[in-house]
Structures are given as C-alpha cells and as structure tokens.
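Each value in this text was obtained by applying a stated rule to the coordinates, not by laboratory testing. Computed from a predicted model, the values in this text were never measured in an experiment. Neighbour counts run over all protein chains shown; Cβ positions are idealised from the backbone, glycine included.
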Amino acid sequence: MSLSAPVDEAQAVHVEERRAVAAILRKLSVARPPVGITLLTAGPPKGYDPVDLPACALVTEAESGRRVYIDRTHHDCIVGQFHLGLGLGPALVTEGHYLTLAQGFYTPEGARLSKAHSASLPEATITALAAAPLADVPMDVVVDLMVAICTPQQAMVLGEAGAVRTGEFAQGDLGAATCSAIFAAPALHGNIVVSLGDSTGRAFNKVDASELFVVIPRRRFRQLIDMMENFWIRPQEMRRLIHPSHAPRGSSGEAR
C-alpha cells in the first residue's frame, strides 16, 4: 500500500496521468528514463527486489530497468534511513557529526544546522521506498513521486508546471542530502523540487555536470499535463507588450 493509496477509480486516472507524464518527458527529449517512486506503508509490491543500497541510488537502479526497494532491513545508508523516517538515526547523523569527522570543510555548527534544516519524514511515516522505471510501474502500484535527471533547460519547463497553473513556484534545493531533497521534501510539501543533489547522490546516480534532479509529486501530474496541452507563445507579441524597443513608433510602449 502506498502513502497516498487511492480508490480504484482514482488509480485508473492516475495511471493515465503517469503515462501522459512519461510521454511529455519523451516530447521534451529527456535522455534518461523517468523513475516512479512509491512511498510504502505496507509490504513491498510484487515483483520488486530488495537491495542493500543507499536510498538515492534507487534512481539509477530503476533507470536501468529494475524494480527495487529499501526498508529498515535492506539499505546501505543510515543518513537515508533517517531522512525517510525508517530509523531515528544516531547523533552521528542527526547532529551532522559524520560531516565533520570525514571531511574538513564543515564546521560543527554548520553540520548540525544542515541536518536541522533538511527535510525528513517523521519516523514510521513509511515502511519502505520503492523505485521502478515510470513506464514499467505495475498498474496496481501508485507512483507518489516522479524523478527525472535532466538538463537545466528541461528542468525549467518541468519545474514551472505548478507556477504557470497556480502561481506556486517549485522548491529549489542547493545541496541537501539527496535522499532528503528528492524524496522527503516533495513528499512532505507536495511541491515540485528542482535539486542539484549532494556530491554523493550525484555520484551514485552518475549525474553529469550539466544535469540535475527534478521531482514531481503525483498531485502535480495534472498541472504538468495541462501546461503542456496549452503550451504556446507569441514571441513578437510578448516583445511588443513588455519591451519598449519593440513597440511601434509613436507608441509609449505600454501594453494595449
């Protein structure tokens, strides 16, 4: 069962919407396949394999075609466990001590506050986190989050889906732990997240210097679809309306 488990009718709508989202990413020429993330409150879905990996590494595993999950038993990162609410986490994590013990550029206060300011799911909110290629998520499995690794230009389009429909800007992240930024933050706030990820998460997911993460929660799928269905612009008219240098001669340049 998913954190946002819907009734059957809503699930049918959701399946059609996630198919449309996958088609949009193809239209935008996003090179890497989008990944469907499921926040589980019960056992793992049938056909998903447990993996002993950091939570953030599930993205690239799913990109490769696998259906995988981590839980309290199967994982390889206690930082991810903490941010996903799968374990309370020792002071090593919660106070950020690991950041100062293994590298020299964090101050103790900076490390502590970086954890305090990072999004974390409350303990026991979920029992596991699962990932699969968006195009290969089973029909009966809910996709709570869609993760795409793409270029800034593509991220700009995806990230604006909420803003252009409701005026609500996407949430930007500049280096929180990747598990916090791409799983916990969008799950907590229900907003689109555009994230650089951290150095570890970028390395695990083989993120190129020209790429970043975009995460779209399921409640935002319809906004992305609506935006793309109404995606048109008249550049000359836009220039006439807002740029005085493009206004007709004798005009004050004000919009009419």
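Against the set [x] 56, 38, 36; [y] 55, 48, 31; [z] 72, 49, 28, the structure's computed Cα extents along the principal axes in Å falls on [z].
Annotation: lysines with alpha-carbon distance below 25 angstrom to LYS27 (same-chain offsets under eight excluded): LYS206.
For ARG67, the residues whose modelled amide H falls within less than 5 Å of its own, excluding neighbours fewer than 5 places apart on the same chain, are ASP49.
What does the charge count near VAL68 come to, summing +1 for each Lys or Arg and -1 for each Asp or Glu among other residues with Cβ under 14 Å from its Cβ?
So the environment of VAL68 carries a net charge of -4.
The separation of region 1-70 from region 206-248, counted between C-alpha centres, amounts to 25 Å.
Which values of log₁₀ I(q)/I(0), to two decimal places, follow from the Debye formula for region 15-127 at q = 0.19, 0.22, 0.24 Å⁻¹ with a uniform point scatterer at every Cα? Evaluating at q = 0.19, 0.22, 0.24 Å⁻¹ gives log10 I(q)/I(0) of -1.03, -1.16, -1.26.
In order along region 68-79, phi translates into HN-Hα couplings of 9, 8, 10, 8, 5, 8, 9, 5, 8, 7, 6, 5 Hz, rounded to whole numbers, per the Karplus curve 6.51 cos²θ - 1.76 cosθ + 1.60 with θ = phi - 60° and x for Gly and Pro.
In order along region 110-126, the phi-based Karplus estimate (6.51 cos²θ - 1.76 cosθ + 1.60, θ = phi - 60°) of 3J(HN,Hα) comes to x, 5, 4, 5, 4, 6, 5, 8, 8, 5, 9, 6, x, 4, 6, 4, 10 Hz; Gly and Pro are listed as x. With θ taken as phi - 60° and the Karplus curve 6.51 cos²θ - 1.76 cosθ + 1.60 applied, the whole-hertz 3J(HN,Hα) list for region 81-90 is 4, 5, 5, 8, x, 8, x, 4, x, x Hz, x standing for glycine and proline.
How large is the helix-only mean residue ellipticity at 222 nm for the chain, computed as the sum of -39500 (n - 2.57) over DSSP H runs with n ≥ 4, divided by its residue count, in deg cm²/dmol to the nearest 500?
Numbers: 12 runs with 92 residues, N = 256.
When only DSSP H runs of four or more count, the value is -9500 deg cm²/dmol.
What trypsin sites (Lys or Arg not before Pro) does region 34-77 have in DSSP loop regions with at most 16 other beta carbons within 10 Å?
On the way: sites: LYS46, ARG66, ARG67, ARG72; in loops: LYS46, ARG66, ARG67, ARG72.
Those that pass, being in a loop and sparsely packed, are LYS46, ARG66, ARG72.
For ASP198, the residues whose modelled amide H falls within less than 5 Å of its own, excluding neighbours fewer than 5 places apart on the same chain, are THR178.
Run through region 105-210 and list the chymotrypsin sites (Phe, Trp or Tyr not before Pro) located in a DSSP loop whose Cβ has at most 15 other Cβ atoms within 10 Å. Please list the in-between numbers first.
On the way: sites: PHE105, TYR106, PHE169, PHE183, PHE204; in loops: PHE105, TYR106, PHE169.
Of the chymotrypsin sites (Phe, Trp or Tyr not before Pro), the ones in loops of region 105-210 whose Cβ has at most 15 other Cβ atoms within 10 Å are PHE105, PHE169.
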